[in-house]
């Protein structure tokens with residue numbers, strides 16, 4: 001059921017060939033068709049901990065299109081864990097992510113954005129959690145010390161490659177995956193470039209904390225296309241062109257921006273000819289259906 005280690009293979013794309021750069025992809029998106037990308041790495045030890053103790057329900061938080069929530073719901077169904085999700089915003093019965101959550105038998109509670117900001121410290125959210133007799137909370141995005149153990153397993157798989165890359169590139173939302181990977185790859189002399197999906201300086205601080213001050217890394221802050229979830233026709237055209245040429249689907253929130261940024265930085269000489277680059281495909285493909293639904297008539301991502 002789980003494809004581990006996740007496969008690694010070369011990516012043949014015109015920009016990479018033209019600038020004599022070798023790019024390989026670690027297909028974390030192929031670990032599982034429903035618990036895909038870095039989400040399995042981050043959920044694995046939460047589920048193991050839940051099953052080893054006398055908890056009644058596993059509870060987590062997220063947005064209505066969250067990759068984490070989608071993977072969480074499927075993991076709960078597959079591993080027979082009673083699941084609960086607390087969702088930021090209003091109910092939308094046509095949202096494909098929430099349809100999947102409902103179909104997996106997970107309880108859904110919608111809360112206001114102001115309550116959501118305080119998570120379990122908000123009185124209303126606390127009252128929801130208290131409805132369940134012995135809950136175990138999984139943080140938003142699955143980001144915790146238990147996630148760190150799963151990300152370190154990914155790092156061990158990278159260390160087993162025949163040729164260690166010069167650079168690793170990946171997307172970041174909370175900074176947990178990238179920070180824990182940076183920590184685990186130290187002291188190997190690999191430069192890790194983290195493409196932030198969010199606008200602002202939040203990511204730098206988050207990665208510093210998760211990486212415990214180790215490693216050689218850099219946050220790329222100018223490829224977020226205006227902020228989290230923001231896109232334009234240039235990005236969508238690139239995503240569709242990349243998929244058509246390589247056969248590798250990429251989402252518009254995370255990996256699409258990584259690959260667009262990677263090609264621009266290759267062209268500018270940031271990654272010199274002869275470089276060996278490993279791209280971590282962190283998944284997020286479930287979000288394409290919701291994206292196409294929301295932007296119908298303006299944007300369409302092929303997959």
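The values are calculated or read from the model by the stated rules, or taken from the named source; none is laboratory data. Keep in mind the model is a prediction, meaning the values are calculated, not measured. Neighbour counts are summed over all protein chains in view; Cβ atoms, including those assigned to glycine, are modelled from backbone coordinates with ideal geometry.
Checking the structure you have, find out if any residue of the range 52-61 is surrounded by fewer than 18 Cβ atoms within 10 Å (Cβ to Cβ) and in contact with a strand residue (DSSP E or B) (Cβ under 7 Å, 6 or more places away or on another chain). Yes: the range 52-61 contains one or more residues that are surrounded by fewer than 18 Cβ atoms within 10 Å (Cβ to Cβ) and in contact with a strand residue (DSSP E or B) (Cβ under 7 Å, 6 or more places away or on another chain). Might you let me know whether the range 164-174 holds any residue that is free of Cβ contacts under 8 Å to residues at least 40 places away in the same chain, crowded, with 20+ Cβ neighbours inside 10 Å and either within 30 Å of residue 263 (Cβ to Cβ) or within 20 Å of the chain's Cα centre (by Cα) (or both)? Within the range 164-174, one or more residues are free of Cβ contacts under 8 Å to residues at least 40 places away in the same chain, crowded, with 20+ Cβ neighbours inside 10 Å and either within 30 Å of residue 263 (Cβ to Cβ) or within 20 Å of the chain's Cα centre (by Cα) (or both). For residue 128, are the conditions met, namely being touching a strand residue (DSSP E or B) at 6+ places or on another chain (Cβ under 8 Å), part of a helix (DSSP H, G or I), over 18 Å from residue 67 (Cα atoms) and not assigned by TED's automatic domain parsing to the domain that holds residue 253? For residue 128, the condition - touching a strand residue (DSSP E or B) at 6+ places or on another chain (Cβ under 8 Å), part of a helix (DSSP H, G or I), over 18 Å from residue 67 (Cα atoms) and not assigned by TED's automatic domain parsing to the domain that holds residue 253 - is met. The residues of the range 1-26 that are under 18 Å from residue 155 (Cβ atoms) and crowded, with 21+ Cβ neighbours inside 10 Å, listed by number, are 6, 25, 26.
Does the range 108-124 contain at least one residue that is touching a residue at least 40 places away in the same chain (Cβ under 8 Å), surrounded by fewer than 20 Cβ atoms within 10 Å (Cβ to Cβ), assigned by TED's automatic domain parsing to the domain that holds residue 75 and in a helix (DSSP H, G or I)? Within the range 108-124, one or more residues are touching a residue at least 40 places away in the same chain (Cβ under 8 Å), surrounded by fewer than 20 Cβ atoms within 10 Å (Cβ to Cβ), assigned by TED's automatic domain parsing to the domain that holds residue 75 and in a helix (DSSP H, G or I).
Residues in the range 82-99 include none that are on the phi > 0 side of the Ramachandran plot and at pLDDT 95 or above. Of the residues making up the range 121-128, not a single one is closer than 21 Å to residue 39 by Cα and in contact with a helix residue (DSSP H, G or I) (Cβ under 9 Å, 6 or more places away or on another chain). Here residue 260 meets each of (1) within 20 Å of residue 23 (Cα to Cα); (2) out of contact with any helix residue (DSSP H, G or I) (no Cβ under 7 Å at 6 or more places or on another chain) with one exception, condition (2).
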